Amino acid sequence: MTMLKKTSRTFFIPISRLEGRLQEAVASGYLCMRAIDEIEDHTDLDDELKIKLLHDVRDSFRSEEPLDRAREVLAPYKHDLPEVSWQLHEWAGLCPSDIAPTVYRYTAKMSDEMAYWVDKKWIIDTEEDLDRYTYSVAGMVGEMLSELWLWNDGTQSDRGRAVAFGRGLQAVNILRNKAEDSTRGVSFFPKGWGMEEMLAYTRRNLKEADAYLAELKDGQAKAFCKIPLALAHATVKLISGGGNKLTRDAVLKIVNKLSG
């Protein structure tokens, strides 16, 4: 949880409010995906090495000994990678054994997709490209969470809308980080798109995310999803008005309101 707090203001709060084995599984999955995300986004590694490491992680989590293999492939780069990345095997080891194969499957799948985007140099020309990218780095997180909800207490959910939930949150990040991304020569806006088109894409996915949330039964899954979705809507409203990032006080106000 200490590492989670260091790496995600948005997800630390809802994960910290989960209980027991579900908290362990979601925290494990999130940190595994954060670990590989930090490899994809690393500013000091060349693309060839990023692709190699991401493919090695993919192969590790598809092997018979995923934790040992993951540790072996990342250990030589301990001094080059952030702590959350080279400790990947530890986060994977936190997951309850009966759901670990699901978390490992998505970690491998995301690693493969991230390697694809590094090789493609994150060039997004069309809305179809954007859909693939937002699925690669966030939509499949929604899919994984849906599987975890079902495993934990039988909570049923719409997998397609789960993808939109992830896509919507990622689209908010794209809007929020537009200027920062441009400084490193990357744009996740399809050709010809401005803020208006990206806001429309974001709102369309968040509308599906709202429907996803509405269909969840009361319980831990619903309580979890409410927080990042509310923060996403608030951020879109802020960006539409010319702002960019919610203040800590604004975040706490939203969370406290949801918590009663």
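The values are calculated or read from the model by the stated rules, or taken from the named source; none is laboratory data. For clarity, every value in this text was computed on a predicted model and none was experimentally measured. Cβ atoms come from the backbone with ideal geometry, glycine included; neighbour counts cover every protein chain shown. SASA here: full protein model, heavy atoms, side chains in, ligands and nucleic acids out. Shrake-Rupley method; radii C 1.70, N 1.55, O 1.52, S 1.80 Å.
Summary table
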| read-out | value |
| --- | --- |
| Residue ID - modelled with the lowest pLDDT, chosen from residues in the range 214-254 that are in a helix (DSSP H, G or I), open to solvent by 70 Å² or more (accessible area, probe 1.4 Å) and of a type outside the set (A, V, I, L, M) | Arg248 |
| Qualifying positions in the range 146-171 - β-branched (Val, Ile, Thr) and either modelled with pLDDT under 95 or open to solvent by less than 10 Å² (accessible area, probe 1.4 Å) (or both) | Thr155 |
| The range 69-90 residues that are at pLDDT 95 or above, paired with ones that are part of a helix (DSSP H, G or I) and surrounded by fewer than 13 Cβ atoms within 10 Å (Cβ to Cβ) (beta carbon under 9 Å, 6 or more apart) | Trp86/Ala75; His89/Asp68 |
| Test result for Ser97, at pLDDT below 95 and not acidic (Asp, Glu) | no |
| Yes/no for Ser146 being assigned to a helix (DSSP H, G or I), touching a helix residue (DSSP H, G or I) at 6+ places or on another chain (Cβ under 7 Å) and free of Cβ contacts under 8 Å to residues at least 24 places away in the same chain | yes |
| Of all residues making up the range 107-123, the number that are of a type outside the set (Asp, Glu) and open to solvent by 10 Å² or more (accessible area, probe 1.4 Å) | 6 |
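For every residue, the table says whether it meets (1) closer than 28 Å to Glu128 by Cβ; (2) acidic (Asp, Glu); (3) in contact with an Asp or Glu (Cβ under 8 Å, 6 or more places away or on another chain).
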{"site": "Leu175", "(1), (2), (3)": "yes, no, no"}
{"site": "Ser182", "(1), (2), (3)": "yes, no, no"}
{"site": "Phe188", "(1), (2), (3)": "yes, no, yes"}
{"site": "Thr202", "(1), (2), (3)": "yes, no, no"}
{"site": "Asp218", "(1), (2), (3)": "no, yes, no"}
{"site": "Phe224", "(1), (2), (3)": "no, no, no"}
{"site": "His233", "(1), (2), (3)": "yes, no, no"}
{"site": "Ser240", "(1), (2), (3)": "yes, no, no"}
{"site": "Ile254", "(1), (2), (3)": "no, no, no"}
